[in-house]
Amino acid sequence: MDFLRPGSWAEALEAKAALPDAVPIAGGTDVMVEINFDHRRPPALLDLNRVAELAEWSERDGRVRLGAGVPYARIIAELGDRLPGLAMASRTVGSPQIRNRGTVGGNLGAASPAGDSHPVLLATDADVEVASTRGVRMVPAVEFYRGVKRNALEPDELVAAVHLDVARGPQQFAKVGTRNAMVIAVCAFGLALHPDRGRVGTGIGSAAPTPRRATEAEEFLAAELADTGLWESRGPLAESVRRRFGELVARAASPIDDVRATAAYRRHALSVLARRTLGWVWDQYREGGWSACA
Amino acid sequence: MTQRTSPGHRVRELTTAVSGGIGESPVRPDGTLKVRGEFAYSSDLWHEDMLWGATLRSPHPYARILAVDITEAVRMPGVYAVMTHEDVPGANIYGLEHADQPVLAVDVVRYQGEPVALVAADHPETAQRAAKRIRVEYEVLDPVTDMVAAAKGEGPALHPDGNVVRYLRIRKGEVEATADVMVVGEYEVGMQDQAFLGPESGLAVPAEDGGVDLYVATQWLHVDQRQVAHALGLPLEKVRLTLAGVGGAFGGREDLSMQVHACMLALRTGRPVKMVYNREESFFGHVHRHPAKIYYEHGATRDGDLVYVRAKIYLDGGAYASSTPAVVANAATLGAGPYKVDNVAIDCWGVYTNNPPCGAMRGFGAVQAAFGYESQMDRLAERLGMDPVEFRMRNAIAEGDTMPTGQRIDSPAPVAELLRRVRDLPLPPERRGRVDIRELPGGVSNTTHGEGVVRGVGYGVGIKNICFSEGFDDYSTARLRLQVIGGEPTAMIHTAAAEVGQGLVTVKQQIVRTELGVERVTVHPMDTSVGNGGSTSASRQTYVTGGAVRKACHTVRDRVLRMAAHRLGVPQEGLSLAGGKVVDARGAALADLAEVLGEEVVEATEEYRHRPTYRVDAERGQGDAHVQYGFAAHRAVVDVDVELGLVRVVQLDCAQDVGRAINPQAVLGQIHGGSAQGLGLAVMEEIQVVGGKVRNPSFTDYLIPTILDMPPMTVDVLELADPHAPYGLRGVGEPPTISSTPAIVAAIRAATGRALHRVPVRPEHITGT
């Protein structure tokens, strides 16, 4: 197995073009597990740790460009105000050691349905910036996940960054696991209110072949908030709305029975998470200085 | 004999007290290295020119082997040896209690993961890949997976004598007793894993005399030596074992794993061979806790006195016997729990199936039974309208009472006192306002901010036999050498008793310091060049090896005092050793020990045996089977998110009688660790087996408690001396594992109102989805 260590992004893209089977590695928290257990033996590893710009983030015009190599620990420490949902999801990732190494880029590359960052990327309408020697393209998160551990990357492409709006509304992330820390998701849910656009964003994790949005739930809630003037009035949200939202989120999932939980439990838990997180974001919206679309 | 000028005729004040004796908590000799990550575990062993061994294992729980073709593996560059059952030099059969397990499978495999062939190569990956190139043709058979059916004799016999490894029945009083109130319950215990962090590993080095030196992480060097020598066809003295750094054990290292395999490869290749399992292989490489199905019927008077206990207990031993007979003995003889009851009928079966082999794990037999009988005690209390603690205290067994085996308890058994103490500890404050999510069920996963969270409190108490039972010749050996090194009297203590992290190394030093008044005590590496130390299990090492160390100290001390008396010209009577001096009956220092010793080396080797035990009779299970009983009680306070079924244990308090805390800090460590392992069984730890296959052989899906799952504990340690035991001590390691699980489940029941008849409790059991 070759170990390629490009010193720049351009070199990394050239290496990937020359050897499309090379597996990119940043923190190694997924890749090394597979290699250590001999589940995967790529012809080459493409180490991205020397590509300095991958570990940077910047903000421009209310949008954050988060380099694919920024570890979760830095997202929590540096971006909790701008990207609260992603920071919350980052806090649930593994152990402190894993959060020091693991990256959103790695989560996207692995495209596991259980990846913790995916629900938030979906809920916040994030775009994935992918690049190759052929050029750069933006893939909306919702189009990025293509199947169990499959994503929209072409063989010669690498994830460069993720673009997310600086939060203009409250966001929440919740994950069920049978341990109170350092646990893989049984199911997870991300929720973002976009009052400026009158939109509700959702993301379901670990309850379908891919991370996915609960589109019907989003539309139901957005319509409910618009129709009743709640965006402006910031009045209390009826329990019936929260319940209905929970049911629609659960309905959007296609969970399976597996070693971590039953499908029925996953659906049930998602409805509870959706109902609760909606309560929390709505409370935050009512209390916070978020501006609504007029 | 040369008579040197003795300074001892002057009476001097004794000014130096030796620190780090019994009752103190000196720093462990290996403590600093472990904290710094510098301790060499068995997986860190390295030898020049060493090869790496790998094991090919069966993917099937039950299959006939039709053919094994090693051609492709042998051809791989870097491969030095490929071995099958045909290459086992000695007897291809071993086992802890019954020799029923092949070193390498011959014509049948009886569990998923059973070793079939071995490879030695110059790189670990080459060895792994070569193993994959061995072609094994199997005829897959329907596995036996139902323990109750196996006990009834249904299905194919997996071993010549059928599928019942052991059946034991206990009868006391009237079998047909009746009572005012009765409860019937069915309980199930899932398969727990020891989940030690250091995987199975060791290094076998071929020796010039045709023998082999094996450095290995194990729990019992001499029982390994016997089995390895037998399988290699070598005399015992040609198989020498040295304990390598052990990263946890909990029973899982009592059976052989890679010991014979590495030795076979080393003897074949003439090169040192190292084997290290990875985490996944480790799940297949050691025995687990027996899953159990338990049927209980309890009867009590309206006033709350237990009248009878009837039970049928099934324990799934998996493919090979391992410790199953002893697990059956514990579950049966302790199946009524720490309670006075006149009428007992317990039937217990340990069976063979094609599930993963199960054997020793902390508290075995007692853990499974306690989940059942403690669940029953709560239900009975509820039926009687009594407080669960009052009901237990009313029926608690005490010194002088008789166990269902007829054995009289002849040392303190403060069961009621332990319950009273945990009950009277302050409860944690109620949650108020917004709390840190890490203090709520789900923790950092942010599943609740208080919604759906209900608090519950529950109790559990348990009983465990300490040391080996049923007539086993249970002894340990200690060799002690006392001499002057660099002007200071220095003791070296040598035993074969395995230090697996529990702290025996410190305890041995403490005993020597106290008995000889010598501060400098070196612990010799543990190996088979000294006599058998017995197993590091059954909470027995401080008792038995501690007893042997004390005995060796006394022999050495007597010799030294004889020397002193001779040199000082005083009678030996009344002399003792303290603070590095020889002192007289008034405590006055007569001479420096160093001066008395001079250039003499005083050495003694002693064996210590606890009092004998006896097999119970086959008809009614009567007999003095056990040496000593240990007791612990827990109170658990839990917060349960009743909508999501997630649990956070808020507080877990324990009271335990340890007879005498030789090392108070180590005692607390055992109680914390045991309680945490019981917590794991209560709410998360299970090897899930379907059709004989393990579904979760990784730490991604086999979850063990983290620091955010394990709450702070208040531990109340009682020291009520057992007159039969060295220093009055009582084994510590297992009792806290036993009562922790039922206490936590009782608390979850209190919070949810759910019956919860199975551990670990999964979220689905609470939500009903």
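For the reader, a short list of remarks on this structure follows.
- Any hit, region B:330-348, residues being within 26 Å of residue B:677 (Cα to Cα), outside any helix (DSSP H, G or I), basic (Lys, Arg) and modelled with pLDDT of 95 or more: no
- Set side by side, the residues B:544, B:549 differ, and just one is of a type outside the set (D, E, K, R) and either in contact with a helix residue (DSSP H, G or I) (Cβ under 6 Å, 6 or more places away or on another chain) or at pLDDT below 95 (or both), which is B:549.
- Some residue of region A:250-267 being in a helix (DSSP H, G or I), away from chain B (no Cβ under 11 Å) and in contact (Cβ under 8 Å) with a residue 12 or more places away in the chain: yes
- Any hit, region B:702-713, residues being more than 13 Å from chain A (Cβ to nearest Cβ) and within 24 Å of the chain's Cα centre (by Cα): yes
- Hey, residue B:445 without any contact (Cβ under 8 Å) to a residue 40 or more places away in the chain and in contact with a strand residue (DSSP E or B) (Cβ under 7 Å, 6 or more places away or on another chain) or not: yes
- Candidate set from region B:123-147 (those that are under 26 Å from residue B:311 (Cβ atoms) and open to solvent by 20 Å² or more (accessible area, probe 1.4 Å)); member that is farthest from the other protein chains (Cβ to nearest Cβ): B:146
- Only listed residue being open to solvent by 10 Å² or more (accessible area, probe 1.4 Å) and more than 14 Å from chain A (Cβ to nearest Cβ), chosen from B:334, B:306: B:306
- Single residue of region A:35-70 satisfying the filter (in a strand (DSSP E or B) and either open to solvent by 20 Å² or more (accessible area, probe 1.4 Å) or within 14 Å of chain B (Cβ to nearest Cβ) (or both)) that is nearest to residue A:172 (Cα to Cα): A:63
- Search result, residues across region A:71-120 that are of a type in the set (D, E, K, R) and either away from chain B (no Cβ under 12 Å) or open to solvent by 30 Å² or more (accessible area, probe 1.4 Å) (or both): A:74, A:78, A:81, A:82, A:91, A:99, A:101
- Region B:545-568, residues that are open to solvent by less than 20 Å² (accessible area, probe 1.4 Å) and in contact with a Phe, Trp or Tyr (Cβ under 6 Å, 6 or more places away or on another chain): B:547, B:548
- Hits in region B:689-741 - residues which are under 27 Å from residue B:649 (Cα atoms), of a type in the set (Ser, Thr, Tyr) and open to solvent by less than 50 Å² (accessible area, probe 1.4 Å): B:698, B:702, B:706, B:737, B:739, B:740, B:741
- Restricting region A:160-171 to residues that are more than 14 Å from every other protein chain (Cβ to nearest Cβ) and in a strand (DSSP E or B), the residue that is farthest from residue B:711 (Cα to Cα) is A:160.
- All conditions in (1) open to solvent by 30 Å² or more (accessible area, probe 1.4 Å); (2) more than 26 Å from residue B:703 (Cβ to Cβ) hold for residue A:258, with the sole exception of (2).
- Going through (1) part of a helix (DSSP H, G or I); (2) surrounded by 24 or more Cβ atoms within 10 Å (Cβ to Cβ) one by one, residue B:536 falls short only on (1).
- Residue match in region B:195-216 (condition: within 23 Å of residue B:366 (Cβ to Cβ) and either without any contact (Cβ under 8 Å) to a residue 24 or more places away in the chain or in contact with a strand residue (DSSP E or B) (Cβ under 6 Å, 6 or more places away or on another chain) (or both)): no
- Comparison of A:272, A:241 shows that the only residue that is over 29 Å from residue A:150 (Cβ atoms), outside any loop (DSSP other than H, G, I, E, B), out of contact with any strand residue (DSSP E or B) (no Cβ under 8 Å at 6 or more places or on another chain) and within 14 Å of chain B (Cβ to nearest Cβ) is A:272.
- Residue A:174 in contact (Cβ under 8 Å) with a residue 24 or more places away in the chain, more than 14 Å from chain B (Cβ to nearest Cβ) and not aromatic (Phe, Trp, Tyr): no
- Selected residue (criterion: most open to solvent (accessible area, probe 1.4 Å)) from residues of region B:402-447 that are within 14 Å of chain A (Cβ to nearest Cβ) and not in a loop (DSSP other than H, G, I, E, B): B:438
- Only a single item in (1) over 22 Å from the mean Cα position of the chain (by Cα); (2) under 18 Å from residue A:89 (Cα atoms) is not met by residue A:257, and it is number (2).
Yes or no, residue by residue, for (1) in contact (Cβ under 8 Å) with a residue 40 or more places away in the chain; (2) within 29 Å of the chain's Cα centre (by Cα); (3) part of a strand (DSSP E or B):
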site	(1), (2), (3)
B:111	yes, yes, no
B:119	yes, no, yes
B:125	no, no, no
B:144	yes, yes, no
B:155	no, no, no
B:160	no, no, no
B:165	yes, yes, yes
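- Among the residues of this structure, residue A:146 does not count as one that is outside any strand (DSSP E or B), over 19 Å from residue A:186 (Cβ atoms) and more than 10 Å from the chain's Cα centre (by Cα).
- Residue list for region B:642-658, restricted to those being open to solvent by less than 10 Å² (accessible area, probe 1.4 Å), more than 10 Å from chain A (Cβ to nearest Cβ) and part of a strand (DSSP E or B): B:652, B:653, B:654, B:655, B:656, B:657
Rundown of residues vs (1) within 20 Å of the chain's Cα centre (by Cα); (2) open to solvent by 10 Å² or more (accessible area, probe 1.4 Å); (3) assigned by TED's automatic domain parsing to the domain that holds residue B:559, yes/no style:
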{"position": "B:463", "(1), (2), (3)": "yes, no, no"}
{"position": "B:479", "(1), (2), (3)": "no, yes, yes"}
{"position": "B:489", "(1), (2), (3)": "no, yes, yes"}
{"position": "B:504", "(1), (2), (3)": "yes, no, yes"}
{"position": "B:521", "(1), (2), (3)": "no, yes, yes"}
{"position": "B:526", "(1), (2), (3)": "yes, yes, yes"}
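- Options A:113, A:155; residue that is closer than 30 Å to residue B:639 by Cα and either out of contact with any helix residue (DSSP H, G or I) (no Cβ under 6 Å at 6 or more places or on another chain) or not in a loop (DSSP other than H, G, I, E, B) (or both): A:113
- Residue in region A:272-284 that is of a type in the set (D, E, K, R), under 23 Å from residue B:644 (Cβ atoms), modelled with pLDDT of 95 or more and surrounded by 15 or more Cβ atoms within 10 Å (Cβ to Cβ) present: yes
- Here B:768, B:753 are screened, and the one residue that is under 22 Å from residue B:423 (Cβ atoms) and surrounded by fewer than 24 Cβ atoms within 10 Å (Cβ to Cβ) is B:753.
The values are calculated or read from the model by the stated rules, or taken from the named source; none is laboratory data. Keep in mind the model is a prediction, meaning the values are calculated, not measured. Cβ sites come from the backbone with ideal geometry, for glycine too, and all protein chains shown count toward neighbours. SASA here: full protein model, heavy atoms, side chains in, ligands and nucleic acids out. Shrake-Rupley method; radii C 1.70, N 1.55, O 1.52, S 1.80 Å.
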